[in-house]
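*Asks:* What follows is a structure written as structure tokens; I'll ask about it next.
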Amino acid sequence: MRIRHRIVPLAAALALTGGLAATEAAPALAAHPAPGKAATAAAGGTYLYFNKNWSNPSKSKLYLMKSIPNAKDQVLAKYRAGSGNGGRNGTNECASMQGWLPTGTYRVLNHTKRHNGGRSGINGYAIQVQDKVCKNHRTKRTELFVHSEMNVNGTQGPRKPGQDSPYRWDGVRDYYSLGCIKLTPTDIKKLFAKAARSGWPTRLKVVN
């Protein structure tokens, strides 16, 4: 997935930042994993959990979770996050380069603070997850990341008056994407720091 141009304007909204206390109860679905999933989560120690917001995809939530065998999983941190381009196909998981991530479980492939996506690509802090075939069992969504908008070295790009800068967080409209999960630069840096202390997640769970 490459960085996109904005398609639909978004009403101003307050960004939700920062982590939650480790004792906060996990989201309902994460607290009660489906049969066969609990052992996988426990083995990984931590995992990412993306909860889609159908009424406003740009106000979805990304959690860093800790698996607790035979008990409710713990929320280590949560962040406002977006996925999809906000247009008519923004909630269609089978709309390549438009819709949000398909529901399901993904392997986390790698993470880096200096991703270099080349011209118009993703730069800086990025977590890559596996490709996923959507619910039509035909369309494969590829180049999927948790990322932000920044330069390769993690700094912010220059302002472009009257234009959107793909390497600078200009506001809430930057939560839109071509399918990846996007966080503010501040929040993705907090997520990296928290994961470094708590153990890097090996899975991403995406739920409706």
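The values are calculated or read from the model by the stated rules, or taken from the named source; none is laboratory data. Note that the coordinates shown come from a computational prediction; the quantities given were computed from them, not determined experimentally. Positions of Cβ are generated from backbone atoms using ideal geometry, with glycine treated the same way; all protein chains shown enter the neighbour counts. Keep in mind that these areas ignore ligands, DNA and RNA; they rest on the heavy atoms of the full protein, side chains included. Shrake-Rupley method; radii C 1.70, N 1.55, O 1.52, S 1.80 Å.
*Asks:* Report D for the stretch 60-127 in µm² per second (integer): Stokes-Einstein, Kirkwood Rh on Cα pairs, 37 °C, 0.692 mPa s. Before the final figure, lay out each step's value.
*Replies:* Values: Rh = 14.6 Å.
My calculation gives 225 µm²/s for D.
*Asks:* Rounded, prolate or oblate: which fits the stretch 166-208 when a ≥ b ≥ c are the square roots of the eigenvalues of the alpha-carbon gyration tensor, with rounded for a/c under 1.5 and prolate only if a/b beats b/c?
*Replies:* The shape class here is oblate.
*Asks:* Given the C-alpha atoms of the stretch 116-155, compute the convex hull and give its volume per residue in Å³. Provide the component values of the computation, followed by the final result.
*Replies:* Numbers: hull volume 3.0 nm³, N = 40.
Dividing the Cα hull volume of the stretch 116-155 by its residues yields 74 Å³.
*Asks:* So if each residue of separation counts as 0.36 nm, and I subtract the Cα-Cα distance between residue 140 and residue 112, what length gain in nm does that give?
*Replies:* Details: separation 28, 0.36 × 28 = 10.08 nm, distance 2.39 nm.
Stretched out fully, the residue 140 to residue 112 stretch lengthens by 7.7 nm.
*Asks:* Kindly state, to the nearest 0.05, the FRET efficiency for residue 196 paired with residue 71, given R0 = 22 Å and r defined as their beta-carbon distance.
*Replies:* Values: r = 24 Å, r/R0 = 1.11.
Step by step, r from the Cβ atoms, then E = 0.35.
*Asks:* With labels modelled as points extended 7 Å from the Cα through the Cβ direction, what inter-label distance (nm, one decimal) is found for residue 133 paired with residue 160?
*Replies:* Output for this residue pair reads 3.7 nm.
*Asks:* Ok, one more. Multiply the residue separation of residue 55 and residue 152 by 0.36 nm, subtract the distance between their alpha-carbon atoms, and state the gained length in nm to one decimal.
*Replies:* Working: separation 97, 0.36 × 97 = 34.92 nm, distance 3.28 nm.
So the extension gain works out to 31.6 nm.
*Asks:* Moving to a separate point now. Please give the per residue accessible area of the stretch 68-126, computed with a probe of 1.4 Å over protein heavy atoms only, in Å². Write out the running numbers ahead of the final one.
*Replies:* Numbers: 2680 Å² over 59 residues.
The answer is 45 Å² per residue.
*Asks:* For the stretch 123-208, what percent of Cα pairs sit more than 17 Å apart? Kindly include the intermediate steps, with their values, before the conclusion.
*Replies:* On the way: 2010 of 3655 pairs.
Of all Cα-Cα pairs in the stretch 123-208, 55 percent lie more than 17 Å apart.
*Asks:* Sticking with this one: Expressed as a whole percentage, what fraction of the accessible surface of the stretch 159-208 belongs to carbon and sulfur atoms when a 1.4 Å probe is rolled over the protein heavy atoms?
*Replies:* Details: 1050 of 2170 Å².
Summing carbon and sulfur atoms, their accessible area is 48 percent of the total for the stretch 159-208.
*Asks:* Let me ask something else. If packing is taken as the average number of other Cβ atoms within 10 Å across a peptide's residues, how do 85-97, 149-161 rank, most packed first? Don't jump to the answer; show the numbers that get you there.
*Replies:* Working: 85-97: 18.6, 149-161: 14.5.
Highest-to-lowest ranking by the protection proxy: 85-97, 149-161.
*Asks:* Another question about this same structure. Radius of gyration and Dmax for the stretch 45-176's Cα atoms, expressed in Å?
*Replies:* Looking at the stretch 45-176, its Cα Rg and Dmax stand at 15.6, 54 Å.
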